Amino acid sequence: MSTMQDNREATMIGRRSDGTPVKRPLSPHLQVYDMMQMTSALSISHRISGVVWTAGVVVMVWWLVAAASGAAAFGQVQWFLGSFLGILLLMGVTAAAWYHTLAGIRHLAWDYGWGYDIPTTYRTGRAVLIGTAVLTVLTWLALLLSW
């Protein structure tokens, strides 16, 4: 008869390098974190923007493959990307790319050891959000003016 109270306990059992058994702690889950706290929200947003950025790269590969496939395939992709939904998709990918880039620079600063104090963390978080908005608008203004 098993003495386990919870099925998750099976994943908590491990061994040290000398072979003695050890009980590992369960990691905290989303319920532990305050989602309205700027650091948590920006961290989660950074991960989400990475996924959106990856989806944007897939769309770019679709566009390139269509361009190599011929005029008919390229015309269909161009039609979709020129539609209202396509432009919204491209704007979202642009915002995700800028956000992910700026948040990545912020993380590099942390890796260097700068910006861990709370006022600097909040200041750089606001700078990432404002920078994302400004750079996304500037990118689309440049696109529309050059079109």
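Please indicate, with yes or no, whether at least one residue in region 61-74 is over 20 Å from the mean Cα position of the chain (by Cα) and of a type outside the set (A, V, I, L, M, F, W, C).
Taking region 61-74 as the starting set, the residues that turn out to be over 20 Å from the mean Cα position of the chain (by Cα) are 62-74.
Now drop any that are not of a type outside the set (A, V, I, L, M, F, W, C), which leaves 69-70.
Checked region 61-74: at least one residue is over 20 Å from the mean Cα position of the chain (by Cα) and of a type outside the set (A, V, I, L, M, F, W, C).
Just to check your reading of the model, which residue among Leu135, Leu108, Leu129 is exposed (fewer than 14 other Cβ atoms within 10 Å of the Cβ), under 29 Å from Val58 (Cα atoms) and out of contact with any Cys (no Cβ under 6 Å at 6 or more places or on another chain)?
Answer to the selection: Leu108.
Tell me whether region 27-42 contains one or more residues that are surrounded by 15 or more Cβ atoms within 10 Å (Cβ to Cβ), closer than 24 Å to Thr139 by Cβ and either modelled with pLDDT of 95 or more or aromatic (Phe, Trp, Tyr) (or both).
No, every residue in region 27-42 fails to be surrounded by 15 or more Cβ atoms within 10 Å (Cβ to Cβ), closer than 24 Å to Thr139 by Cβ and either modelled with pLDDT of 95 or more or aromatic (Phe, Trp, Tyr) (or both).
The values are calculated or read from the model by the stated rules, or taken from the named source; none is laboratory data. The structure displayed is predicted, hence computed values, not measured ones. All Cβ positions, glycine included, derive from the backbone under ideal geometry; neighbour counts span all protein chains shown.
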